[in-house]
Amino acid sequence: MIAYGLLLAGSDAELHRAIGADPIGALTMLLPTWYLIPFALVAVSGIIGGAVLDIYSSGLALLTLGLRVRRWQAGLIDGIIMILGTILIVWVAKDFIGPFQGFLITLGVPVAAWCGIFSWGYVVAPH
């Protein structure tokens, strides 16, 4: 689907601009209306599937941090944290870019340190 979308967007400059501004509206110009129903079902199913996997793995991370609850309770706690975070970003924050940059910095610093430790270990450790 990604390759098809890239080819479709690259086929016409006007279509490319329309997809950039309003992807669903641009699809309604090209495709029959009935096609949007399966498209929406696939898109929503993908988002739900990703959210379930994210909650499952981050609930497991809560357990590894020492939270003494059952597995399903950790998932529930994590789901509540994610819903509250979404509410804060969507309705409370003045813009999206500030919290997004904060998230990237918070994520990037430990990952950079982790990469540095493993890279140093690879260089120093005998092969």
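The values are calculated or read from the model by the stated rules, or taken from the named source; none is laboratory data. From a predicted model like this one, the values you see are computed outputs, not experimental measurements. For neighbour counting, all protein chains shown are included, and Cβ atoms are generated from backbone atoms with ideal geometry for every residue, glycine included. These area figures cover heavy atoms from the full protein model, side chains too; ligands, DNA and RNA do not enter into them. Shrake-Rupley method; radii C 1.70, N 1.55, O 1.52, S 1.80 Å.
General remarks:
- Gaussian network model of the chain, Cα within-10 Å springs - most flexible of Ser57, Ser11, Ser45: Ser11
- Taking the convex hull of the alpha carbon positions in the stretch 47-91 and averaging its projected area over all directions gives 3.2 nm².
- Rounded to the nearest 10 square angstrom, Met82 shows an accessible area of 70 square angstrom against a 1.4 Å probe.
- For the chain, the relative contact order comes to 9 percent (Cα pairs under 8 Å, sequence separation of at least 6).
- Within the listed set Leu62, Leu41, Leu31, the residue fluctuating most in the Gaussian network model of the chain (springs between alpha-carbon atoms under 10 angstrom) is Leu31.
- Scanning the chain for long hydrophobic helices, with DSSP H runs required to stretch 20 angstrom or more by C-alpha along their axis and to average at least 1.6 on the Kyte-Doolittle scale, returns 36-64.
- The residue among Gly102, Tyr4, Gln73 whose Cα reaches farthest toward the positive pole of the charge dipole of the chain, with charges on the beta-carbon of Lys, Arg, Asp and Glu, is Gln73.
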